[in-house]
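Let me give you the structure first, and then I'll get to my questions.
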Amino acid sequence: STGWRILDGKLYENVNHSHINCTVPVDSTPPCPPYLTGYSLCDSGYNHLTWNYNDWNDPCALDVVGYRLYYSPTLEAPPVIIAEFGDRYDTIYDHFPEQSLTACYFITAIDSFDNESIPSVLLCLDECSNYILPNVFSPNGDGINDIYRPLRTSYVERVDMQIFNRWGLLVFETEDPDILWDGKHIKSGQLVAPGVYYYICDVYEYRLTGIEVYALTGFIYVYSGEDNDVFIE
């Protein structure tokens with residue numbers, strides 16, 4: 001480098017021949033990815049996620065300052081960031097997806113120079129199937145169990161529900177996952193007689209691969225609530 005100075009009224013040029021270069025080193029090496037685990041709490045409606053390094057003394061973990069958590073609802077959907085964490089010891093997250101608990105996740109670590117690690121191993125959860133149909137109801141107007149509906153309806157797009165009498169005649173059908181059958185015949189609008197009815201229900205459910213269909217079959221016992229119910233239908 002060069003400069004100027006004045007001595008005895010004269011201007012002199014100073015030349016610095018030093019080869020010392022004073023700079024601040026920049027770290028461009030990303031940290032190692034964390035180890036991600038998790039499971040679904042089907043009844044509570046959320047996925048519980050935790051992560052950590054196998055050894056916090058690992059040199060590639062020493063300057064970690066936070067994380068980014070990514071989520072996709074299916075195997076084919078692009079991942080999106082759902083949470084960022086600014087504390088290296090903040091390693092727990094409960095995710096409440098709107099559509100379904102079916103999900104894939106990965107997490108990355110961020111160091112003090114904002115280098116992002118490669119993604120962790122992909123964690124995919126597909127554990128919950130919540131569509132459960134009861135086998136009895138009593139549409140007698142007493143305000144107790146008057147409507148036939150599923151015990152659980154979570155994460156179902158639609159259904160093809162058909163209910164038949166003992167002679168195989170259709171008495172009710174719907175695509176509503178809530179079903180909401182009031183016990184009335186689809187044509188006459190009158191309450192069906194007490195008895196045993198058979199149903200076939202195709203369930204269109206959100207899964208990792210997209211919408212998957214499976215069939216449920218079974219019997220529904222329709223009671224009037226009277227002691228002299230005779231199952232003749």
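Values quoted throughout were computed directly from the atomic coordinates according to the rules given, and no laboratory measurement underlies them. Keep in mind that this is a model prediction, so the values were computed, not measured. FYI the Cβ positions are ideal-geometry reconstructions off the backbone, even for glycines, and counts take in every protein chain you see.
Ordered by residue, what ³J(HN,Hα) values in Hz, to whole numbers, does segment 138-155 give under the Karplus form 6.51 cos²θ - 1.76 cosθ + 1.60, where θ = phi - 60° and Gly and Pro are x?
Once rounded to whole Hz, the list reads 9, x, 10, x, 8, x, 10, 6, 7, 10, 7, 8, x, 6, 9, 10, 4, 6.
Between residue 216 and residue 169, what is 0.36 nm times their sequence separation minus the Cα-Cα distance? Round to one decimal in nm.
15.1 nm
Shifting gears a bit: Using +1 on the beta carbon of Lys and Arg, -1 on that of Asp and Glu, and nothing else charged, what's the dipole of segment 25-161 about the Cα centre, debye to 20?
It works out to roughly 400 debye.
Placing +1 on the Cβ of each Lys and Arg and -1 on the Cβ of each Asp and Glu in segment 37-143, which of 140, 109, 37 has its Cα farthest towards the positive end of the resulting dipole?
Checked the options; the winner is 140.
Expressed in nm to one decimal, what extension gain is obtained for the pair residue 204 and residue 48 from 0.36 nm per residue of sequence separation less their Cα-Cα distance?
Taking residue 204 through residue 48 to full extension adds about 53.6 nm, to one decimal.
Moving to a separate point now. In which sequence would 32, 201 go, from the one with the fewest C-beta neighbours within 10 Å to the one with the most?
32, 201
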